[in-house]
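The values are calculated or read from the model by the stated rules, or taken from the named source; none is laboratory data. Only a predicted model underlies this, so the values are computations on that prediction, with no experimental measurement involved. In this analysis, Cβ positions are derived from the backbone assuming ideal geometry, glycine residues included, and neighbour counts consider all displayed protein chains. Heavy atoms of the whole protein, side chains included, go into the accessibility calculation; ligands, DNA and RNA do not. Shrake-Rupley method; radii C 1.70, N 1.55, O 1.52, S 1.80 Å.
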Amino acid sequence: MTHTLAEAYNADRFRNEGHQLIDILSDYLEGATTGNHQKVIDYQSPEDELAFWNDFLHKKTASSDLFSEVLKRITQTHHPKCIGHQVSPTVPISALATLQSALLNNGMAVYEMGMAPTAMERIVIETINKAIGFDDSSGGFLTSGGTLGNLTALLCARNVMSKNDSWNEGLQEKLAIMVSEEAHYCVTRAVKIMGLGEDGIVKVPVDEKFVMDTAQLQKCYDAALKKGYKVIAVVGSAPSTSTGMYDNLSDIASFCKQHQLWFHVDAAHGGAAIFSAKYRSLLKGIKYADSVVIDGHKMMATSSITTALLFKENKNSYKTFTQKAQYLWGREEEDWYNMARRTFECTKSMMSLRFYAIINAYGTDFFSDYVNTLYDSAKRFAKMIEEQQDFELLLTPDSNIVCFRYTNTDMEERNAFNKKLREHLLYDGAYYIVETTINEQHYLRVTVMNPFTQRPHFQQLLDKIIDIANQIKSTDEIIQGHISK
Ligand SMILES: *Cc1c(COP(=O)(O)O)cnc(C)c1O
């Protein structure tokens, strides 16, 4: 054993450095959640950041210095003013579970390499399926992200729905999948990866609330047929990413039933609302889905990346990577504990621990509290925007995603002005919010992911935007100054 290896695996060293890390993270958590930290992000250019970490390696510092330095150079997801992207501030118990799994590193492709996480995974899946309203024939597994989950579900749909054995023989029909034009880009990507081509993705227009206009499903379906395509599936967004609005899943379910199509629900963001008595109705119809994707790292507050892919008929989940499996169901279902038969991953992280630890500590009430708190909070913020002069709310939000913009500028420069505003906010760092383009209009976009975000934080954000707007109006030099930073 070399000296380096002996040092690297020294248990006492791990104990000491581990304690230091937990102390550093606990201080971060306290400082961030109380909002005592001045900034959510201390923005550096990519080149400066790269140079910093190149230099850092030459210094040969202690691990605790590394851990501390990382904290200065990240976006503080636990800060109440961090209301940008849809990544949750990890609930600490889930982070601890991730730490444990990171060291133990059971690969989970086969049962023997992950007994506990495999059993937990089944329990987690059954818990979610029960909340969806699926019966005992349902199943599923955890996988690495909503993007991969959607691709896996659609591959499965293709194998189940295509006439020939497409897994072995390749595609022999022109297949198409229907989705709202507001859906997450990963659905289009999945369709392209599957080789269905540009016309293989049929974009259904949205209505004035940016949800799929289900009255147009038939027309789009007929048009695809006329082009020689066989439509195999419809994807509902619950909700869509840009605006956070839920498609009408009941309508899509009826359409799928009528035409015998696979019904997939991309509930990566808002699937957790099935645990909320208050907001469950947004997902009405989800129990008719053939497959559902729900991200843990969004509205269930687990560490990234942790995604549940659920199937109404568990037996279908075996058909993703081998169509012949349909003749072997009995044997395969006995084999539920060998995960790699059904997952994209071979080696897979022990992500079930991240869910299981939360349910073990707080029950599924945690998910319901989390969703209720954040959806309520976003509605409150939306109301404040509506009541405040110089701002325009795009939509009364369904979820915790709120799009709005500053309006006290000329109409022609409104898009550019809001873009500038968001850029200034980023460099300022007191808040972290994002932006989106809808109907060629530029909007500021907030996702309320943090239970610590309260009314005063929202008010201060609006005040800050007005301040910055006034500065921009008085001089454009500020922008130049920031860009060259
Ligand atoms: C975030 C999101 C995705 C992508 O999920 P990842 O876990 O980031 O890969 C897909 N669809 C919707 C609706 C999303 O909100």
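Observations
- Identity of the residue in segment 293-303, closer than 11 Å to Val371 by Cβ and within 13 Å of the ligand (Cβ to nearest atom), that ends up farthest from the chain's Cα centre (by Cα): Met300
- Contacts under 7 angstrom Cβ, first residue in segment 176-189 being within 15 Å of Asn248 (Cβ to Cβ) and part of a loop (DSSP other than H, G, I, E, B), partner open to solvent by less than 10 Å² (accessible area, probe 1.4 Å) and among the hydroxyl-bearing types (Ser, Thr, Tyr), 6 or more apart: Glu182/Ser237; Glu182/Ser240; Glu182/Thr243; Ala183/Ser237; Ala183/Ser240
- Given (1) more than 30 Å from Gly270 (Cα to Cα); (2) modelled with pLDDT of 95 or more; (3) open to solvent by 60 Å² or more (accessible area, probe 1.4 Å), number of the condition Phe52 does not satisfy: (3)
- Residue match in segment 152-163 (condition: more than 26 Å from Tyr337 (Cα to Cα), at pLDDT below 95, surrounded by fewer than 17 Cβ atoms within 10 Å (Cβ to Cβ) and not polar (S, T, N, Q)): yes
- The single condition among (1) within 16 Å of the ligand (Cβ to nearest atom); (2) surrounded by fewer than 20 Cβ atoms within 10 Å (Cβ to Cβ); (3) of a type outside the set (D, E, K, R) that Gly146 does not satisfy is (2).
Rundown of residues vs (1) in contact (Cβ under 8 Å) with a residue 12 or more places away in the chain; (2) part of a helix (DSSP H, G or I); (3) open to solvent by 10 Å² or more (accessible area, probe 1.4 Å), yes/no style:
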{"site": "Asn418", "(1), (2), (3)": "yes, yes, no"}
{"site": "Arg422", "(1), (2), (3)": "yes, yes, yes"}
{"site": "Leu426", "(1), (2), (3)": "yes, yes, yes"}
{"site": "Ala430", "(1), (2), (3)": "yes, no, yes"}
{"site": "Glu435", "(1), (2), (3)": "yes, no, yes"}
{"site": "Met449", "(1), (2), (3)": "yes, no, no"}
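- Residue within segment 285-292 that is within 16 Å of the ligand (Cβ to nearest atom) and within 19 Å of Met449 (Cβ to Cβ) present: no
- Segment 248-275, subset in contact with a Ser or Thr (Cβ under 6 Å, 6 or more places away or on another chain) and not in a helix (DSSP H, G or I), residue nearest to Leu374 (Cα to Cα): Gly270
- Qualifying residue in segment 224-232 (condition: among the hydroxyl-bearing types (Ser, Thr, Tyr), away from the ligand (no atom under 16 Å from the Cβ) and not in a strand (DSSP E or B)): yes
- Scanning segment 6-65 for residues that are assigned to a helix (DSSP H, G or I) and of a type in the set (Asp, Glu) gives Glu7, Asp12, Glu17, Asp23, Asp27, Glu30, Glu47, Asp48, Glu49, Asp55, Asp65.
- Qualifying residue in segment 172-179 (condition: at pLDDT 95 or above, buried (at least 18 other Cβ atoms within 10 Å of the Cβ) and away from the ligand (no atom under 16 Å from the Cβ)): yes
- Here Ala378 passes the criteria (1) open to solvent by 20 Å² or more (accessible area, probe 1.4 Å); (2) over 19 Å from Pro117 (Cβ atoms) except the one numbered (1).
- Any hit, segment 344-363, residues being among the charged types (D, E, K, R) and open to solvent by 60 Å² or more (accessible area, probe 1.4 Å): no
- Total residues in segment 26-41, condition out of contact with any Phe, Trp or Tyr (no Cβ under 8 Å at 6 or more places or on another chain) and surrounded by 14 or more Cβ atoms within 10 Å (Cβ to Cβ): 6
- Only one of Thr214, Thr243 that is in contact with a Cys (Cβ under 8 Å, 6 or more places away or on another chain), within 28 Å of Thr396 (Cα to Cα) and touching a residue at least 12 places away in the same chain (Cβ under 8 Å): Thr243
- Inter-residue pairs, beta-carbon under 9 Å, first basic (Lys, Arg) and in segment 121-133, second outside any loop (DSSP other than H, G, I, E, B), 6+ apart: Arg122/Gly139; Arg122/Phe141; Arg122/Ser352
- For Lys278: the one exception among (1) assigned to a loop (DSSP other than H, G, I, E, B); (2) touching a Lys or Arg at 6+ places or on another chain (Cβ under 6 Å); (3) away from the ligand (no atom under 11 Å from the Cβ): (2)
- Neighbours by Cβ (under 8 Å, 6+ apart or cross-chain): first from segment 463-484, of a type outside the set (Ser, Thr, Tyr); second modelled with pLDDT under 90: Gln471/Ile478; Ile472/Ile478; Ile472/Ile479
- Candidates are the residues of segment 89-112 that are open to solvent by less than 30 Å² (accessible area, probe 1.4 Å) and at pLDDT below 95; the one that is farthest from Ala361 (Cα to Cα) is Ala109.
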